[in-house]
Amino acid sequence: MLDNLTRRLGGVFAGLRKQGRLKDEDVKAALREVRVALLEADVNFKVAKQFIKEVEEKAVGEELFESLNAEQTLIKIVRDQLVELLGEDVDMNYGGRPPAVILLAGLQGAGKTTAASKLAYWLKKKGKKVMLAACDLQRPGAVKQLQVLSEKVGCEFFSDETGSPVKAAQGALERARHLFMDVLIVDTAGRLSIDEALMEELAQVRDSVQPHETFLVLDAATGQEAVNVAEAFHSRFSLTGLIFTKMDGDTRGGAILSVRSVTGVPVRFLGTGELPEAMDSFNARRVAERIIGMGDVMGLIEKAEEAASFEDALGLQEKMSSGRMDFNDMLAQMRMVRRMGPLKNIMKMLPGFSQMVSEEDLDQVDAEGKMKQVEAIVLSMTPAERTNPDILNGSRRRRIARGSGTRPEDVNQLVDQLFEMRKQMRQLSKLQKRMGGRGRGRRR
Ligand SMILES: Nc1nc2c(ncn2[C@@H]2O[C@H](COP(=O)(O)OP(=O)(O)OP(=O)(O)O)[C@@H](O)[C@H]2O)c(=O)[nH]1
Ligand SMILES: [Mg+2]
């Protein structure tokens, strides 16, 4: 996500870093790079120009050239300006009497139906009762697609293919009221391009359910065209939010900057994959910091907190520091990491990472594959072997390799790894004790 931009800006600031003090020309040169980066990332020309102008004004106003940490000031100004441009995070409007209605609109293949299920999942996690309504009667299979997704998410589903999308929408609203749903999400048909028929049908559906939120779903890879699409939808439907999908792909994040700044419609969610849980609520600061290469540290922390329950983490830590870690712990730890989502995404969030390692390199590593292999090996062990790795003799190891479809070398390697980890942990905790008794047992 926003990779090109991050790398380029990273290069600019790395260049400045080497020079100690900043001169007027340096700032100008840096901002030229920033501008090229923005254009490369498909940020609208006018938006980029305005952005640079504002950053320059602010930089000069701060008497940047006298400051000792000029580089930090410049990064902060660029970031703050990006945050301002990206706009504030907006809370979901649930209206007064339930159900709150969310209408999803967008072009064909933008990711509306997927986004509907992601929203349902997101709302469900917040304790809301959610119904998905299939009002795309255009594309064959669209209704079924939504039904399957709602089963996956575990929420209510409504469809009525006997009439118009309007009839389906009305029926859904009635049913949602009857079942005391908190939220009704209306999935609609897409078109290849904006045409009057699409707009008219949507307008009718909109009028029949009177949504509290009208979200436009945009494929983040659409680039410049996204601005035109968003303007057309916004002028007709007074959008209350934007959802950018496919942020996990090789997209040019500039569309977010452009569409937000041209339409003024707040960005609400970012889709980062095909699964229902692959969606982040929008956070301007986080996106901005990611753009300028500070990494999505906050996002990383949040994800980690979500994945590891406090108890999990505590129990493990104690075992680890006393060097008693076994294969069960290893498995638990790995699953904790897995729950944070694809490793690739997590690694991309680490500060500076996108400059060091390219997307292609990440693909080469196949960390997921490695984790699956480890999991298969551990699962092929008996409970006794997992808790007491010392009993793993040659024949046991050969049996485990056969059972997990791996080679005996792989099993050997994993066992060595566990012993090595135990050793290191013991040394670490000894060191901690010597340095003042911290570490082991502190929490008991
Ligand atoms: N990688 C990735 N794929 C996505 C994302 N969102 C949707 N997709 C995929 O994009 C394709 C189209 O998604 P849909 O949700 O069916 O799009 P739609 O807007 O409902 O399409 P129509 O109903 O045909 O107009 C599907 O294959 C989805 O799995 C995302 O955030 N990341
Ligand atoms: Mg659809």
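The values are calculated or read from the model by the stated rules, or taken from the named source; none is laboratory data. As the structure is a prediction and not an experimental result, all values here were calculated from the model. Every residue, glycine as well, gets a Cβ built from its backbone with ideal geometry; the counts of neighbours run over all protein chains shown.
I'm checking my understanding of the structure. Among residues of segment 399-434 that are hydrophobic (A, V, I, L, M, F, W, C) and under 17 Å from Asp326 (Cβ atoms), which one is surrounded by the fewest Cβ atoms within 10 Å (Cβ to Cβ)? Don't jump to the end; show me each part of the working.
If we filter segment 399-434 for residues that are hydrophobic (A, V, I, L, M, F, W, C), which is where we start, we get 400-401, 411, 414-415, 418-419, 421, 425, 428, 431.
Filter once more, keeping what is under 17 Å from Asp326 (Cβ atoms): 400, 411, 414-415, 418-419, 421, 425.
Values: Ile400: 24, Val411: 24, Leu414: 22, Val415: 20, Leu418: 17, Phe419: 13, Met421: 16, Met425: 19.
Once the filter is applied, the top-ranked residue is Phe419.
Of the residues in segment 156-173, how many are aliphatic (A, V, I, L, M) and either in a loop (DSSP other than H, G, I, E, B) or in contact with a Lys or Arg (Cβ under 8 Å, 6 or more places away or on another chain) (or both)? Before the answer, list the steps.
First pass over segment 156-173, keeping only residues aliphatic (A, V, I, L, M): 166, 168-169, 172-173.
Keeping just the survivors that are either in a loop (DSSP other than H, G, I, E, B) or in contact with a Lys or Arg (Cβ under 8 Å, 6 or more places away or on another chain) (or both) gives none.
Residues that pass the stated criteria total 0.
Could you tell me whether any residue of segment 174-191 is out of contact with any strand residue (DSSP E or B) (no Cβ under 9 Å at 6 or more places or on another chain), in a loop (DSSP other than H, G, I, E, B) and within 13 Å of ligand 1 (Cβ to nearest atom)?
yes
Kindly provide the set of residues from segment 97-112 that are buried (at least 24 other Cβ atoms within 10 Å of the Cβ) and either within 10 Å of ligand 2 (Cβ to nearest atom) or among the polar types (S, T, N, Q) (or both), ordered by number.
Leu104, Gly106, Ala110, Lys112
Search segment 204-229 for residues being in a helix (DSSP H, G or I) and modelled with pLDDT under 95, and hand back the single one that is nearest to the chain's Cα centre (by Cα).
So the first thing to find is which residues in segment 204-229 are in a helix (DSSP H, G or I), and the list is 204-209, 220-222, 225-229.
Checking which are modelled with pLDDT under 95 leaves us with 220-222, 225-229.
Details: Ala220: 13, Ala221: 15, Thr222: 18, Glu225: 23, Ala226: 20, Val227: 22, Asn228: 25, Val229: 23 Å.
So the residue we want is Ala220.
Restricting to segment 119-132, give me the number of residues that are within 16 Å of ligand 2 (Cβ to nearest atom) and outside any helix (DSSP H, G or I).
Start the filter on segment 119-132 by keeping residues that are within 16 Å of ligand 2 (Cβ to nearest atom), which leaves 119-120, 132.
Checking the rest, the ones that are also outside any helix (DSSP H, G or I) come to 132.
Total meeting the criteria: 1.
Within segment 232-249, is even one residue assigned to a loop (DSSP other than H, G, I, E, B) and among the basic types (Lys, Arg)?
Restricting attention to segment 232-249, the residues satisfying the condition of being assigned to a loop (DSSP other than H, G, I, E, B) are 238-240, 246-249.
Next, only the ones that are among the basic types (Lys, Arg) stay: 246.
So far as segment 232-249 goes, yes, one or more of its residues are assigned to a loop (DSSP other than H, G, I, E, B) and among the basic types (Lys, Arg).
Quick grid of which residues meet (1) small (Gly, Ala, Ser); (2) out of contact with any Ser or Thr (no Cβ under 6 Å at 6 or more places or on another chain):
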site	(1), (2)
Met181	no, yes
Ala203	yes, yes
Ala221	yes, no
Glu225	no, yes
Ser235	yes, yes
Lys246	no, yes
Pro266	no, yes
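Each row is one residue, and each column tells you yes or no for (1) closer than 30 Å to Gly163 by Cα; (2) within 16 Å of ligand 2 (Cβ to nearest atom).
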| residue | (1), (2) |
| --- | --- |
| Glu196 | yes, no |
| Ser208 | yes, no |
| Glu231 | no, no |
| Ile243 | yes, yes |
| Phe282 | no, no |
| Arg285 | no, no |
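Can you name the helices (runs of 4 or more DSSP H) wholly within segment 347-398 that have at least 2 residues being more than 21 Å from the chain's Cα centre (by Cα) and at pLDDT 70 or above? So that I can check it myself, show each step before the final result.
On the way: elements: 353-356, 359-365, 367-379, 383-387.
Filter on segment 347-398 gives 367-379, 383-387.
Scan segment 80-100 and tell me whether some residue there is part of a strand (DSSP E or B), touching a Pro at 6+ places or on another chain (Cβ under 7 Å) and away from ligand 1 (no atom under 16 Å from the Cβ).
No - not one qualifying residue is present in segment 80-100.
Right, Val143: more than 17 Å from Lys129 (Cβ to Cβ), under 32 Å from the mean Cα position of the chain (by Cα) and modelled with pLDDT of 95 or more or not?
Values: more than 17 Å from Lys129 (Cβ to Cβ): yes; under 32 Å from the mean Cα position of the chain (by Cα): yes; modelled with pLDDT of 95 or more: yes.
For Val143, the condition - more than 17 Å from Lys129 (Cβ to Cβ), under 32 Å from the mean Cα position of the chain (by Cα) and modelled with pLDDT of 95 or more - is met.
From Ala115, Ala142, grab the single residue that is farther than 28 Å from Arg285 by Cα, near ligand 2 (Cβ under 10 Å from one of its atoms) and in contact with a Ser or Thr (Cβ under 8 Å, 6 or more places away or on another chain). Give the steps one after another, and end with the answer.
Working: Ala115 fails: farther than 28 Å from Arg285 by Cα.
Result: Ala142 is the single residue among Ala115, Ala142 that is farther than 28 Å from Arg285 by Cα, near ligand 2 (Cβ under 10 Å from one of its atoms) and in contact with a Ser or Thr (Cβ under 8 Å, 6 or more places away or on another chain).
Write out, first by first residue and then by second, each pair whose Cβ atoms fall under 9 Å of each other, whose residues are 6+ apart or on separate chains, and whose first residue, in segment 107-118, is over 21 Å from Ala197 (Cβ atoms) and in a helix (DSSP H, G or I) while the second is more than 6 Å from ligand 1 (Cβ to nearest atom) and acidic (Asp, Glu).
Matching pairs, first to second residue: Ala115/Asp187; Ala116/Asp187; Ser117/Asp187; Lys118/Glu277.
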